Amino acid sequence: MNAGSILRALWIVAGLLAPTACAPVDLLNATIPTGDLTITRDVAYGTDARQRLDIYAPKSRSGALPVIIFFHGGAWQSGDRADYLFAAAAFAAKGAVVAIPDYRVYPTVTFPGFLADSAQATAWVHQNIGRWGGDRRNIFLIGHSAGAYNAVMLALDEEYLENAGLSTEDIAGAVGISGPYDFLPLTRPDVKPIFEVVSDMSLTQPIRFARRDAPPLLLLTGTADITVGPYNTLNLSERMHAVGGSVEEHLYPGIAHLGSVLALAPAFRWRASILDDIESFIRRHER
């Protein structure tokens, strides 16, 4: 089977499997060239085995580069940073230094443990990324699915970054890909024990913290997403506009939940302009 056939088969299989399925991702990542990257794996930002991150830096660069911290999905129950080589390579090829952290998940932690980890990883990157050529003045948080929740929640609710010794002002922008931002009442049995640990459930919702002075947001989703409904993106965007915040949203016709993140890979970019839209957002909001 040639590379093109493998990738076409991957697209079909990926539409049928859960986000944590590893075989299609392994096939996809095997097609990604890494010769232009310096890859540093398994860097500790905390003491737990899940508090590790990988860093991808372009070998050729002129001056300090914008920094992307990419948070993977997995319904706050699973996910592996190594699966997202294709995303890291895509962002690095656009001229960014990329960090992809893992974070603790259920049942090890419930809300807000994964947010505390995401903030801790962000603080570590802010302190150290200059060693890889990154510009800590230009840190962008990006995530897919549950990772989009993490990225956007850090940008909106000031508590988490402040607890890690940072401010939301240290973030140049945040991008959510197919993220849940307004998902009450909870209906998924596997998600309920993760969030039903607080008396005021509104505190778990990014939309609750929409504010005028938040970092700029870019919210992306597909119209065919039945895993995390597009209303999450539309509702948060509407709220941000209402409070005078900086937000833009893009809905991609026919794109489903997995398709939105797969569109970062070269073989699937024809399906949606997600990578180009993220690059444009970063260029407009670099400091």
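Quick notes on this one:
- Antiparallel content of DSSP bridges confined to the chain, in %, to 5: 30
- Long-range Cα-Cα pairs in region 174-287 (distance over 17 Å), rounded percent: 58
- Radius, Kirkwood style, for region 132-180 when every pair of distinct Cα atoms is counted (Å): 11.0
- Using alpha carbons only: equivalent-ellipsoid semi-axes of the chain, gyration tensor based, whole Å: 25, 23, 19
- As a calculated quantity, the FRET efficiency between SER202 and SER78 at R0 = 25 Å, using C-beta atoms, amounts to about 0.45.
- Dipole-positive endmost among PHE70, PRO33, ALA119 within the chain (Cβ charges, Cα centre): PRO33
- Dipole size of the chain about its Cα centre, with +1 on Lys/Arg Cβ and -1 on Asp/Glu Cβ: approximately 600 debye, rounded to the nearest 20.
- As a calculated quantity, the FRET efficiency between TYR231 and ASP26 at R0 = 41 Å, using C-beta atoms, amounts to about 0.80.
No lab work stands behind these numbers, since they all come straight from the coordinates. Just so it is clear, the model here is predicted, and its values are computed rather than measured. Glycine gets a Cβ as well: all are built from the backbone with ideal geometry, and neighbour counts include every protein chain shown.
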